[in-house]
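Shown next, in structure tokens, is the structure this report addresses.
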Ligand SMILES: [Zn+2]
């Protein structure tokens, strides 16, 4: 499933493509015909993400809400569509947005609906704070801490609970717990506040690199190199192959201590950790 950085990146790409336009909206597949009819020809007011949710505001107090789920894809293409017309849709295109030179197609999403601003805010209010959004009254990291320290649930599932923290998925979860040497089985209520704050601050540091590159960089030297490149306005070097600390490295040696990386299913997804570095 895409993690929060993918949705923030998508929001930037959609704004680049459609800001200042009033795209034609349609649903070639037919499942979003009524919604597309509502949006068709309306002025684009701006896209934003909150965790794994995408919101696009249109003129007339309409908000498109999309959740990609496991298989959803929202692709943006460039072309001279004024001259050639839009190409025939390939596969199940739920929503198509079209201007003279941009085409965006949504396929396979778990949610695609038109909401009022109040309905969109209600969804955002149910989500935990998002490390990629500017802080304000709603996006307040204190809310995450309150949920965490009152919970007996282990930090492994807690940190991926979108009502606790919005945007963290399976890769960032495993990696940030390793970076802080946190045992994923430790209950939230047993976590010290300073350690939780360090995790939040680290996500605030790591996730914008994901937005800039589309890749999840978590190994400290890669992160430092990425930060230097971003500060200098240069392209971010992405190691090839990109090897994280523990994610999908089951049975391989931990880079820090040499013991084997372990895995278990936690909150429905494989969690990876080092049993020695991340001891309770
Ligand atoms: Zn280790």
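The values are calculated or read from the model by the stated rules, or taken from the named source; none is laboratory data. Please read all numbers here as calculations on a predicted model, not as lab measurements. Virtual Cβ from ideal backbone geometry, glycine too; neighbours counted across all protein chains shown.
For this structure, a couple of remarks:
- Some residue of the stretch 220-227 being assigned to a helix (DSSP H, G or I), within 16 Å of the ligand (Cβ to nearest atom) and modelled with pLDDT of 95 or more: yes
- Top-ranked residue in the stretch 246-255 [being near the ligand (Cβ under 10 Å from one of its atoms) and in contact with a strand residue (DSSP E or B) (Cβ under 7 Å, 6 or more places away or on another chain); ranked as farthest from residue 185 (Cα to Cα)]: 253
- The one condition in (1) within 16 Å of the ligand (Cβ to nearest atom); (2) buried (at least 18 other Cβ atoms within 10 Å of the Cβ) that residue 211 fails to fulfil: (1)
- For the stretch 5-33, the set of residues classified as assigned to a helix (DSSP H, G or I), in contact (Cβ under 8 Å) with a residue 60 or more places away in the chain and in contact with a strand residue (DSSP E or B) (Cβ under 7 Å, 6 or more places away or on another chain) consists of 7, 8, 10, 13, 14, 17, 18, listed by residue number.
- Criterion applied to 243, 238 was being part of a loop (DSSP other than H, G, I, E, B), farther than 25 Å from residue 135 by Cα and more than 16 Å from the ligand (Cβ to nearest atom), and the one residue passing it is 238.
- Residue identified as out of contact with any helix residue (DSSP H, G or I) (no Cβ under 7 Å at 6 or more places or on another chain) and closer than 27 Å to residue 152 by Cβ among 275, 188, 258: 275
- The set of residues in the stretch 191-202 being within 22 Å of residue 275 (Cα to Cα) and part of a helix (DSSP H, G or I) consists of 195, 196, 198, 199, 202.
- Identity of the residue in the stretch 214-225, under 18 Å from residue 180 (Cβ atoms) and surrounded by 14 or more Cβ atoms within 10 Å (Cβ to Cβ), that ends up nearest to the chain's Cα centre (by Cα): 216
- Selection within the stretch 166-205 - within 23 Å of residue 248 (Cα to Cα) and over 22 Å from the mean Cα position of the chain (by Cα): 181, 182, 183, 185, 186
- Looking only at the stretch 259-280, and only at residues there that are away from the ligand (no atom under 16 Å from the Cβ) and outside any strand (DSSP E or B), the one that is farthest from residue 160 (Cα to Cα): 268
- Test: residue in the stretch 74-87 that is buried (at least 20 other Cβ atoms within 10 Å of the Cβ) and in contact (Cβ under 8 Å) with a residue 12 or more places away in the chain: yes
- Unique match (being modelled with pLDDT of 95 or more, more than 30 Å from residue 39 (Cα to Cα) and over 20 Å from the mean Cα position of the chain (by Cα)) among 153, 116, 99: 153
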